[in-house]
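Okay, so here's the structure we're looking at.
The values are calculated or read from the model by the stated rules, or taken from the named source; none is laboratory data. This is a predicted model, so every value here is computed, not measured. Quick reminder, even Gly has a Cβ in these numbers, built from the backbone with ideal geometry, and neighbours come from all protein chains shown. For the accessible areas, the whole protein counts, side chains as well, though only heavy atoms, and no ligand, DNA or RNA atoms are used. Shrake-Rupley method; radii C 1.70, N 1.55, O 1.52, S 1.80 Å.
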Amino acid sequence: MKPRTIVALMAATLVAASVQAQQPRDDLLVDMRDAFRQGNRARLAQLLPQARGHALEPWAAYWELRARLDTASNADVQDFFARYPGTYQEDRLRNDWLLVLGQRRQWDAFAAEYPKFRMNDDRQVRCYALLVKHLTDGAVPGLTDEVRRNWFAQREDDDGCTLAAKQLIADGTGPKRMTQADAWHKARLAIEANRPRMAATAVAMVAPDAVDQLDAVNSHPSRFLTSKVVAASRVRREMIGLALVKLATTDVESAAYQLDNKWGPQMQPEERDWIWGVIGKVAAQRMNPNAADYFAHVSRAANLNDDLLQWQVRAALRAGRMPNWPQVLAAVNAMSEETRQEPAWVYWKARAVLAHARTQSQKADGVKLLESIASPRGFYEMLAMEELGLKVAVPVKPAALTDAEKEAARLDPGLNRALYAISLGLRPEGVREWNYTTNLHRTGGLSERELLAAAQLACDREVWDRCINTSERTRGEFDVQQRFPMPFRDAVVQRSQEIGLDAAYVYGLIRQESRFVMDARSAVGAAGLMQVMPATARWTARKIGLTGFTPEQLHDRDTNIAIGTGYLKLVLDDFDGSMPLAAAAYNAGPTRPRAWRNGPVMDAAAWAESVPFTETRDYVKKVVANATMYAALLTGQPQSIRERLGATIGPRDSAQPAPNRDIP
């Protein structure tokens, strides 16, 4: 369906719903979005009256009020809520207003507004709400744990969670209050993440006199450690611990040596274990062969958090030709219940149990773990199927949507506004409204059948990213055509065949790169269906003989496919046909996976899990799983994910030609 037709259909639906005879121009909304991004309040105020009656009027009004929210009155805000009840924009502004009220410490007004907040997905707002509850109701079950969890998870030094943590630490009397240990724990996390200001905020809560030392700890940790002899007090021990954490991020061997030979005996077990965990994590991220040995110094795995425990598993998987299965099992068992139930850790626990099973009962335990996740829904789920002797087949399609189910989705104002915004080039706004409508507008989000109907609406409009992401939210139903669509099939299959690529692999990569959004552009400048960087595209165009190429052509479907597949073929050949290595190269450049393959010859699944970059690790697993399902769809035959993953990954065979170091 052509974009102009899509716009007309959506406009007709929304106009009929609002009984508007004529809408203002669409480009007016684009102008207002641009003015909002520029912070041009005067321009927004000038344009807003002209936007009245437009299908996207709630966006226009939101931009105008949000731009001046710092000076807006409560009456202005309440008028907006009354004018646009039930919309995403109403709840989005409520989120913004709650942050303003929290920053102003207007707790009565905050308490009155917070119960109306439907999204409830803002960590800082949630921390303000927990603080208000603490101030009014005192000890509340679970409140301290939630504040602690949110504070530890914050990426920036926001006001809400910091304020709540500070209050709970100051009120720290009894088992349900936060303690000084929490502040030091936060400081460790901040130093490791290179957030010195956040670390200073945490230290100031419990040891204000030590804050001045943080600059030396962060800037010159080795010099700081050399200047100290003993760790006689809690504050001194913690500051030395922070210096060791910082040192580990730049010189892991020196940090390990100092901890083992000087500082370790002076520390408490929890402090010592945490630092060994950080040292092990950094070593694992750098694929240091000593990583598993560093983790072996941890006396009690429960002293580590889930992040460190996950890296302990990765280090154990890379410990040699055979993984260190006892360490894998111990680390998984120490994870929180929620993390332990994730398919990745269920799978590796099952492998660890089966590797050392001595009785039928132990083998049955491992098989039961695999059976609990086995399905075609993802990388580890597919691997579990294969461990059980099953292959990946196309799932049975759910019952057909009824006319009533499809009509309800077609008439939903939030979904329509979202699709309309996307069609006008307001993709970020449209995506946010779509996600709100499907996930957050009401508690629990849409039902499974409603999600399928919404996904089908997006599929029919060729908004493939919303089609895929919405359908993936169903837990029971599995509509493979929605989750794994194949737009541009003739172009993708023909080009793949011409250059000797597996079309399923190409589809698996495009699905992960862009979700088939042709005008997609990443934060670093990659463009189009296959998200090719301009410099890489120029190089590839020369290699494949595409003359007259300019980067603007990356948004042309056929040109993007030609260049993306051309580059993928070059890296796949350079990595001896290994799909996971080539996928890693496509995402992170070929230099990194050339280094990552060095070391022991590993189970290919263990290698994929040990990739040090979070984005690339996730990317490799999803591309391989996607390709497996697309192969089942394209061939109509059950597929093996192991055939695409490969049995093992290790150093390049010396008999093979040298790698092509010209590939960007």
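Computed from the C-beta positions of ASP573 and ALA393, the FRET efficiency with R₀ = 22 Å rounds to 0.15. Calculated accessible area for the range 492-544 comes out at 41 Å² per residue, all protein chains present (probe 1.4 Å; ligands, DNA, RNA ignored). Listed by chain and number, the aspartates and glutamates whose alpha-carbon sits under 14 Å from that of LYS569, ignoring those within fewer than 8 places in the same chain, are GLU498, ASP502. Measuring with a 1.4 angstrom probe and ignoring ligands and nucleic acids, ASP519 comes out at about 100 Å² accessible.
Could you name the aspartates and glutamates in cross-link range of LYS262, using Cα to Cα under 19 Å and dropping any fewer than eight places away on the same chain? The reachable aspartates and glutamates, counting only those whose Cα sits under 19 Å from LYS262, are GLU238, ASP251, GLU253, GLU270, GLU271, ASP273, ASP293.
Per-residue accessible area (protein heavy atoms, 1.4 Å probe) orders HIS185, HIS441, HIS54 as HIS441, HIS185, HIS54, starting from the largest. On a straight-distance basis, which aspartates and glutamates could pair with LYS368 in a cross-link, Cα separation under 19 angstrom, same-chain partners fewer than 8 positions away excluded? Those aspartates and glutamates meeting the cut-off are GLU337, GLU338, GLU342, GLU381, GLU386, GLU387.
Which residues in the range 61-82 place their backbone N less than 15 Å from a point set 7 Å from the Cα of GLN106 along the Cα-to-Cβ direction? Residues passing the 15 Å test: 66, 68-81. Computed FRET efficiency, Cβ-Cβ of GLU338 and GLU253, R0 25 Å: what is it to the nearest 0.05? Here the calculated transfer efficiency is 0.15. In a simple Cβ point-charge model (Lys, Arg +1; Asp, Glu -1; nothing else charged), the range 508-634 has a dipole of about 120 debye relative to its Cα centre.
Please compute the per residue accessible area over the range 128-278 with all protein chains in place, 1.4 Å probe, rounded to a whole number of Å².
Counting only protein heavy atoms, the per-residue value for the range 128-278 is 45 Å².
For the range 263-302, relative contact order (Cα pairs under 8 Å, six or more residues apart, normalised by length) works out to 42 percent.
Past 23 Å, Cα to Cα: identify those pairs from LYS349/LYS391; LYS281/LYS621; LYS116/LYS406; LYS166/LYS186, in the order given.
LYS116/LYS406
Go ahead and run the numbers for FRET between ASP558 and ASP403, Cβ-Cβ distance against an R0 of 25 Å, rounding to 0.05. Efficiency at R0 = 25 Å is approximately 0.10. Computed extension length for ARG236-ASP212: 7.3 nm, one decimal, from 0.36 nm per residue of separation with the Cα-Cα distance subtracted. For the chain, the carbon plus sulfur part of the accessible surface works out to 50%, probe radius 1.4 Å. Remark: the range 16-172 carries a charge dipole of roughly 80 debye about the Cα centre, counting +1 on each Lys and Arg Cβ and -1 on each Asp and Glu Cβ.
Net charge dipole, the range 414-538: roughly 280 debye, given to the nearest 20, about the Cα centre with Cβ charges of +1 for Lys and Arg and -1 for Asp and Glu.
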